[in-house]
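Engineer: Before I ask anything, let me first share the structure, which is written out below as structure tokens.
The values are calculated or read from the model by the stated rules, or taken from the named source; none is laboratory data. It should be emphasised that the depicted structure is a prediction, and the values quoted were computed from it without experimental measurement. For neighbour counting, all protein chains shown are included, and Cβ atoms are generated from backbone atoms with ideal geometry for every residue, glycine included. Remember, those area values only see protein heavy atoms, side chains included, never the ligands or the DNA or RNA. Shrake-Rupley method; radii C 1.70, N 1.55, O 1.52, S 1.80 Å.
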Amino acid sequence: MSEKNQSLGQLELEVLKIVWEKQGCSVPEAAEILSGQKGYARTTILTIFQRLHKKGFLNRRKKAGIFCYYPTQQKNDVLGNLAQQFVRNIFEGSPSGLVQHLTKSNVSADELARMRQIIDDALAAEGGKS
């Protein structure tokens, strides 16, 4: 999948999250969820499903005359790629730049402690490798 196709808009990501959560769904199922939450029309959701299918994020199979869409990639893989793309584009590829920015923003002490724990765990895992 090319870099261009890895980009996702906010609504595309919301649709993908529904598909991941339901482990596959139809346009009417997702439209019902999103119209209740944010007021999106079914036609808008259909367009997003078609875009995600064209970009290679979704496969589809017909069931009882209705397309059911399934993710082609794991959630963690897609979110990881988006995070890496964000760090590359916004922080010139420096994850520490992101962390520095976060620590200077309104991050709670609990969130900072959680970030420290994640970093400590990553360092411990790295230290255990040969």
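Engineer: Given a 1.4 Å probe and every protein chain left where it sits, what share in percent of the accessible area of the chain is carbon and sulfur?
Structural biologist: Whole-percent figure for carbon plus sulfur exposure: 50.
Engineer: Right, something else. May I have the count of lysine pairs in the chain with C-alpha atoms under 19 Å apart, counting pairs 8 or more residues apart or located on different chains?
Structural biologist: Qualifying lysine pairs in the chain: 14.
Engineer: For the chain, with a Gaussian network of springs between Cα atoms less than 10 Å apart, report the residue from 39, 93, 65 with the top mean-square fluctuation.
Structural biologist: Looking only at 39, 93, 65, the largest GNM fluctuation is found for 65.
Engineer: How much length is gained on full extension from residue 109 to residue 94, taking 0.36 nm per residue of separation minus their Cα-Cα distance? List each step's numbers first, then the result.
Structural biologist: On the way: separation 15, 0.36 × 15 = 5.40 nm, distance 2.31 nm.
Here the segment from residue 109 to residue 94 would lengthen by 3.1 nm.
Engineer: Return a whole-number percent for the relative contact order of the stretch 1-107, with Cα pairs under 8 Å and 6 or more residues apart as the contact set.
Structural biologist: That works out to 25 percent.
Engineer: Check each of the trypsin sites (Lys or Arg not before Pro) in the stretch 23-130 and keep only those in coil by DSSP with at most 11 other C-beta atoms within 10 angstrom; list them in order.
Structural biologist: Numbers: sites: 38, 42, 51, 54, 55, 60, 61, 62, 63, 75, 88, 104, 114, 116, 129; in loops: 129.
Listed in order of number, the matching sites are 129.
Engineer: Could you give the Stokes-Einstein D for the chain in µm² per second, using the C-alpha Kirkwood radius, 25 °C, 0.890 mPa s?
Structural biologist: 143 µm²/s
Engineer: Label residue 38 and residue 81 with points 7 Å out from Cα along Cα→Cβ: what is the distance between them in nm?
Structural biologist: 2.0 nm
Engineer: Sticking with this one: Over the chain, average the accessible area per residue using a 1.4 Å probe and give it in Å², no decimals.
Structural biologist: On a per-residue basis, 69 Å².
Engineer: 7 Å from Cα along Cα→Cβ at both residue 23 and residue 123: what's the point-to-point distance in nm?
Structural biologist: 3.9 nm
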